[in-house]
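For reference, the structure is listed below as structure tokens.
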Amino acid sequence: MKWSDLDHDSCPVARAMSVVGDRWTLLILREAFLGTRRFDGFQDRLGITRHLLAERLKKLEALGLMHRAPYQERPLRHEYRLTPAGRAFGPVMLMLVDWATDNLPSDLPPPIRVVSHTDGHEVDPVLVDRATGALLTYETMRLRRT
């Protein structure tokens, strides 16, 4: 089964993986959250080939996570910005950073930190139930087949 075969699967995990299931797509999204907007910026930061980057950006644009906007007329050049759907992936990215920091330690200092947008202090993200405010962990919740 190909990743693209999962984009209409009834399972939300499968559908999500059809969008972000390869390393380049996640790293492009990471760079977008870090403020990278221009093609050359993505390429410089990631070391990805131009062809592969163009392919992934087109996919993210087609899926509605990013959109192209002109920033220069002559010659015409575009930048890539997160859409509302792309920005909605932010908490997932935060939790990936938090999980990897806690469970995949490195001897090097982390190149990114999760900080508050309003005052810049480092934050410790958690997942809570919207209705009750209860902390969601492996011990307090389960996935259940329907």
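Data overview
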item	result
The chain - mean residue ellipticity at 222 nm from DSSP helices (-39,500 (n - 2.57) per run, n ≥ 4, rounded to 500)	-12000 deg cm²/dmol
Interchain or long-range residues, amide H under 5 Å from residue 77's placed H	71, 72
Share of carbon and sulfur in the accessible heavy-atom surface of the chain [1.4 Å probe, %]	56
1.4 Å probe accessible area per residue over the chain, in Å²	76
Helix 23-33 vs. the chain, principal-axis angle (Cα, 0 to 90°, nearest 10)	90
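The values are calculated or read from the model by the stated rules, or taken from the named source; none is laboratory data. Please read all numbers here as calculations on a predicted model, not as lab measurements. Note: accessible area is taken over every heavy atom of the protein model, side chains too, but ligands, DNA and RNA are not part of it. Shrake-Rupley method; radii C 1.70, N 1.55, O 1.52, S 1.80 Å.
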